[in-house]
Structure formats: structure tokens, C-alpha cells
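Participant: Attaching a single structure in C-alpha cells format; questions to follow.
The values are calculated or read from the model by the stated rules, or taken from the named source; none is laboratory data. All figures in this text were calculated on a predicted structure; none of them were measured in a lab. All Cβ positions, glycine included, derive from the backbone under ideal geometry; neighbour counts span all protein chains shown. Accessible surface areas use protein heavy atoms only, side chains included; no ligands, DNA or RNA. Shrake-Rupley method; radii C 1.70, N 1.55, O 1.52, S 1.80 Å.
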Amino acid sequence: MACANVVAQQLPDDGLLTLRPLLQQLGNRLLAGKQGSIVAVKPQTGEIICLATNSPTGPDVRLAIATAYAPGSTFKTAQALTLYSEGLVTAATAIPCEGGFLDGNIKVGCHQHRSPLTLVDALAHSCNTWFLSAFASMLNDTFLYESKEEAIDVWRSYMRSMGLGGPLGIDMAGEKGGLLANAAYLKRRYPNGWDGLTVMWAGMGQGDVTLTPLQLCNLAASIANRGFYFPPHLHQATPKRPLAQRYLEARRTKVKPEAYGPVIEGMRKAVEHGTAASINTSAYKICGKTGTIENPGRDHSAFIGFAPMNNPQIAIAVYIEHGGFGADLAAPVAALIIEMYLKGQLSAASEAQARRLAALSLN
């Protein structure tokens, strides 16, 4: 397949593309002065409707399809689906959090919220303690699993089934995977041994897990579809150039169908009154999850989501390097892209916000 040179930082130009010009134009505006990417797909088909990127040297699709980042709290959605499916938690599982996670010399801060929280509210308020504790408990569970090695490999198998940690097969050159720890990797990584506390950071999307923005968007699509996704693709099918069969076949996750209900409820509550409350709208129900990713320098800002809640037409991931809190930059950027797609235009208030965000420079 002839594709534009990824190194030359171009999108394919060899045929009809699924990209929506209005979304591309808006995405490019919003990323001005920033480094990051916006990826949006139609969940029902896997068609990529927005693939906007920006770097100090201009657009660079490698940021979306070949740069693996820590996913931060956006990853808590996948964690919740896995933990629920394995029977380790239920929607009613409540874990106390008094300002953060504390175990010996380990202390991880958390958002201010009531305690304890159940799974739904732990997602809505992005409780680090809930997810660190639940993931560490999975790895240390000697009743369900014969060893921590079996537990981590089971965990990884769920994540891979959601399209995470490896190439999805997008129809352009240059896609790369990421990192999802398994037992063999952890044996090399920690030659003196490891346990649940050693690697629990993956429970909140840090540590031994990295994903591309394309994979994060695909995760949102699989949740929107309640358990399946179509491999993301850029080219439209034509009589002379039909899509390859792999883009027409739904891939089902290992997640139990009943796990999606509470996770989607948690994502909806995140927008209604949780970490993404600033993007709530009565026009349509957005479900989402913010992420604030610790790294040297200012935190990265991330968001995944879909809309509307019960008839999803768009799934999206926004990842902006050094953008700060996920709620402050990535979430409002995503909300504007969603509005443009669902409504065909921005309201006056949204256009004013788009101008403000576009004028924000992080370079």
C-alpha cells in the first residue's frame, strides 16, 4: 500500500480518506502551540474521523500512532473492566481512601473526595487508592491464581484483547505498540523479585504500561460498543478498492458483558459531577475519563471518551504533552471535537472557548 512518508509527517494521500475536514481543521486549531494528538473514530466501523497532531516542527502522525505514553488515569477504565470480569470486584466494592494510598514508606496522593468509594464513583473521581489497592490485590491473590506470574499474565491477556499494548493494524505505515508487563518482562525488569506493590503503579496507568493515543481511542471505542471494536482505518471503501477483510470483522474483548454497565456509568458520572464536570452538556451525554500523567516537567493531559452515552457516534482520545490536568486541557479539547461532529458546528460559547484554547501555547 502506498502511504505518505510518516517521517515526512504527512497523512496518506493515496485515495479517499475517512477523515472529516471540519474535525481536522478544528483539531489543528486546538493543537496550535502544543505537542500532542487528537484521535477520533466512529465506534460502529473503526473509521478514523480525526487524526490531528502537532509538534514544534508541525504535524507528526507518529505522536498518535507510534509514540507510547503512560496512559495515566484513562487506563483505570480498562483496569475496572478487568478486575470486574475476574470477579475481584463488583460495582459495590468500596475501598477507603483518606487522602491517598499509604503502605509503609509508599504514599500516593489522591483527589479530594468522600470515603469509601465504590467502583462507579472511584472512576468518576479518579481515586488512585481504589485502583492501586485493587490491582495489587489481584497480583497477590493466591486463591484465584497459582502465582503472581499467572495473575499478571491473565491481566495482560485482558488488556491485549482490548487492543492495548500492540499495533492495531492501522492502514498506514509506521504504527508501533507499547508496553504491557507480563511475567517474563517483570522477571527481567526486577531481577531481585517483585510483588503486587512493586508493580501496582500500572493500576493507575503509570509504571510498566505505555500505550499510543490510537490505542487509547480504540479503548474508548470498545467501551462505547460494550465489548468489541473494528480495527481503526483511514481509507474509505470504494468499488475499486474495497477494505481488507480485517477491517470488517469485529474483534471482541475478553471482558464480561456485564462489566461495561458500571464502567460506563462511572465514565458518565465523571462528566456529570466528577473530574470532567467542566464538559457536561444537556445536549447529549458524554462519557469520559480524564488522565493527568506524571513525568519530568509539567504533567501530560489526557482524556478518553465517547458520545452519546446510549447511541455512541464518536469515540475520542486526546493526549497533550505537558498540558497539565486532564480536566483542564484534554477534556475541553475533546468536548469541542465531539460537539463539532455531533452538531456540525460550534455554539458561540464553544467557539469562544476554542479561540481561548487555540491561543494557549505550551512551547
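Participant: Determine the sum of side-chain charges near ALA91: Lys and Arg each +1, Asp and Glu each -1, restricted to other residues whose C-beta is under 11 angstrom from that of ALA91.
Facilitator: -3
Participant: So if each residue of separation counts as 0.36 nm, and I subtract the Cα-Cα distance between ASN105 and LYS256, what length gain in nm does that give?
Facilitator: Additional length available on full extension: 50.7 nm.
Participant: What is the sum of charges, Lys and Arg at +1 and Asp and Glu at -1, for the other residues whose Cβ falls under 12 Å from the Cβ of GLU351?
Facilitator: Once positives and negatives cancel, what remains is +3.
Participant: Structure shown: which of LYS34/LYS343; LYS42/LYS285; LYS148/LYS256 lie over 20 Å apart, alpha-carbon to alpha-carbon?
Facilitator: Exceeds cut-off: LYS34/LYS343; LYS148/LYS256.
Participant: Dipole of the stretch 247-362 (Lys/Arg Cβ +1, Asp/Glu Cβ -1, origin at the Cα centre): which of THR281, SER301, ALA349 lies farthest to the positive side?
Facilitator: Result: THR281, furthest along the dipole toward the positive end.
Participant: Please work out the Cα center distance from the stretch 291-341 to the stretch 75-136, rounded to the nearest Å.
Facilitator: When both Cα centres are located, 21 Å separates them.
Participant: At a Förster radius of 51 Å, what calculated FRET efficiency corresponds to the Cβ-Cβ distance of GLU149 and ARG356, to the nearest 0.05?
Facilitator: E(calc), rounded to 0.05, equals 0.55.
Participant: Further question on the same structure: For every other residue with a beta carbon closer than 15 angstrom to the beta carbon of ARG20, add +1 if it is Lys or Arg and -1 if Asp or Glu, then tell me the sum.
Facilitator: With Lys, Arg at +1 and Asp, Glu at -1, the net is +1.
Participant: Could you work out how much longer the chain between LEU197 and LYS240 gets when fully extended? Use 0.36 nm per residue separation minus the Cα distance between them, nm to one decimal.
Facilitator: Taking LEU197 through LYS240 to full extension adds about 10.0 nm, to one decimal.
Participant: In whole Å, what are the extents of the stretch 147-290 along the principal axes defined by its C-alpha atoms, from largest to smallest?
Facilitator: Principal axes ranked by extent give 57, 44, 27 Å for the Cα atoms.
Participant: Rank by packing, highest mean first: peptides 137-148, 295-306, 346-357, with packing defined as the count of other Cβ atoms within 10 Å averaged across residues.
Facilitator: Descending packing order for the listed peptides: 295-306, 137-148, 346-357.
Participant: Considering only DSSP beta bridges whose two residues both sit in the chain, what percent are antiparallel, to the nearest 5?
Facilitator: Rounded to the nearest five, the antiparallel share is 95 percent.
Participant: Right, another one. Which shape class, rounded, prolate or oblate, goes with the stretch 271-363 when its Cα gyration tensor gives a ≥ b ≥ c as root eigenvalues, a/c under 1.5 marks rounded, and past that a/b bigger than b/c marks prolate?
Facilitator: oblate
Participant: Then there's this: Please find, in a Gaussian network model of the chain (springs between Cα atoms separated by less than 10 Å), the residue of GLY274, GLY87, GLY205 whose mean-square fluctuation is greatest.
Facilitator: Largest GNM mean-square fluctuation: GLY87.
Participant: Ignoring ligands, DNA and RNA, what accessible area per residue does the chain give at 1.4 Å, in Å²?
Facilitator: On a per-residue basis, 40 Å².
Participant: When the convex hull of the Cα atoms of the chain is projected onto a plane and the area is averaged over all directions, what value comes out in nm²?
Facilitator: So the mean shadow area of the Cα hull is 17.9 nm².
Participant: For the ranges 211-222, 89-100, 151-162, 42-53, what's the packing order if you count other beta-carbon atoms within 10 Å of each residue, average per peptide, and put the highest first?
Facilitator: 211-222, 42-53, 151-162, 89-100
Participant: Percent of accessible area on the chain owned by carbon and sulfur, 1.4 Å probe?
Facilitator: 51
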